[in-house]
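Please read the structure below before turning to the comments.
The values are calculated or read from the model by the stated rules, or taken from the named source; none is laboratory data. No experiment lies behind these values; they were computed from the predicted model shown. Glycine gets a Cβ as well: all are built from the backbone with ideal geometry, and neighbour counts include every protein chain shown. The accessibility values were calculated without ligands, DNA or RNA, using every heavy atom of the protein model including side chains. Shrake-Rupley method; radii C 1.70, N 1.55, O 1.52, S 1.80 Å.
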Amino acid sequence: MKAGGRYIKDIVYGANDGVITTFAIIAGVAGANITDPRTTIIILGVANVLADGFSMAASNYLGSKSERDVVEREYRDENIEVTQDPDTEREEMTKLLREEGYADGDARSLSHLMLKNKAFFVDLLMHEEFGVSNHERGPILARSLLTFIAFVVAGLLPVLPFLVFSSITHIFLYSIISTGVVLFILGALRALITKRSFFLSGLEMFLIGGFAASIAYGVGVMLHGVAGIL
């Protein structure tokens, strides 16, 4: 895996959630037609970006750390089993190799040779049995920090028009446009790692984010109507 690919999940996860959740607040307030929407949006938007961004980063860190602890424990257990009962573990590897299409004799020869490199042997067993590898994990603190930065930077963009312009006229439209552009660019940038179409990657994130924002706006309109009836 390329260096950029190791962190793409954390960056996209943070930025996508940041821009969508922040704009969802803006859309909900706009739909509800609150008396002073500009001030409300700025307060709720900035508060959401900082608080939710930290929450996401902390959750990412704790989740990744817990996952790493589980993997390290499994590796320790597997190392002990290979040391204490190598014959059983070699038979297990032989079985895995047969399932991959090797003839019985070749599978036994290969498992015997691989056991001479204990670290590789254990890593392969862990990959085949649990789908994990000891070589695929990046630094969890850096990944969590990237999630926070991506969330805050992307999340502040929908609020930016409300901070720049004092008049409320057309500000929501500017926010819609900036959010749509950010979503499309963010989605398109994934193609640098995934090698998919830039346009289709951008369109995918644009449509998903737009749908989430539409839900928030619709809820705001509905609640405003209900409040008017009451």
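Any idea which of Ile176, Ile149 is β-branched (Val, Ile, Thr), more than 22 Å from the chain's Cα centre (by Cα) and modelled with pLDDT of 80 or more? Step through it out loud before you land on a result.
On the way: Ile149 fails: more than 22 Å from the chain's Cα centre (by Cα).
From the options Ile176, Ile149, the qualifying one is Ile176.
Within the bounds of the range 160-169, is there any residue that is over 17 Å from the mean Cα position of the chain (by Cα), open to solvent by less than 70 Å² (accessible area, probe 1.4 Å), touching a residue at least 60 places away in the same chain (Cβ under 8 Å) and within 15 Å of Val46 (Cβ to Cβ)? Give the steps one after another, and end with the answer.
So in the range 160-169, the residues over 17 Å from the mean Cα position of the chain (by Cα) come out as 160-169.
Remaining after also requiring open to solvent by less than 70 Å² (accessible area, probe 1.4 Å): 161-162, 167.
Going one step further and asking which of them are touching a residue at least 60 places away in the same chain (Cβ under 8 Å), we end up with 162.
Now drop any that are not within 15 Å of Val46 (Cβ to Cβ), which leaves 162.
Checked the range 160-169: at least one residue is over 17 Å from the mean Cα position of the chain (by Cα), open to solvent by less than 70 Å² (accessible area, probe 1.4 Å), touching a residue at least 60 places away in the same chain (Cβ under 8 Å) and within 15 Å of Val46 (Cβ to Cβ).
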- prompt: With respect to Gly138, is the statement that it is at pLDDT below 75 and surrounded by fewer than 20 Cβ atoms within 10 Å (Cβ to Cβ) true?
  reply: yes
- prompt: Scanning for something open to solvent by 70 Å² or more (accessible area, probe 1.4 Å) and at pLDDT below 85, does the range 73-91 turn up at least one residue?
  reply: yes
field: Candidate set: the range 177-187, residues that are in contact (Cβ under 8 Å) with a residue 12 or more places away in the chain and of a type in the set (A, V, I, L, M, F, W, C); chosen: the one surrounded by the most Cβ atoms within 10 Å (Cβ to Cβ)
entry: Leu183
message: Please pick out the residue among Ile229, Ile193 that is at pLDDT below 80, open to solvent by 90 Å² or more (accessible area, probe 1.4 Å) and not small (Gly, Ala, Ser).
response: Ile229
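Touching a residue at least 40 places away in the same chain (Cβ under 8 Å), over 30 Å from Ile25 (Cβ atoms), charged (D, E, K, R) and in contact with a helix residue (DSSP H, G or I) (Cβ under 7 Å, 6 or more places away or on another chain): which single residue out of Glu128, Glu78, Glu89 fits that description?
Glu78
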- request: Return the total of residues in the range 98-117 being within 37 Å of the chain's Cα centre (by Cα) and loosely packed, with under 15 Cβ neighbours inside 10 Å.
  value: 4
field: Qualifying position, being farther than 14 Å from Glu129 by Cβ, among the aliphatic types (A, V, I, L, M), touching a residue at least 40 places away in the same chain (Cβ under 8 Å) and open to solvent by 40 Å² or more (accessible area, probe 1.4 Å), among Leu50, Leu62
entry: Leu50
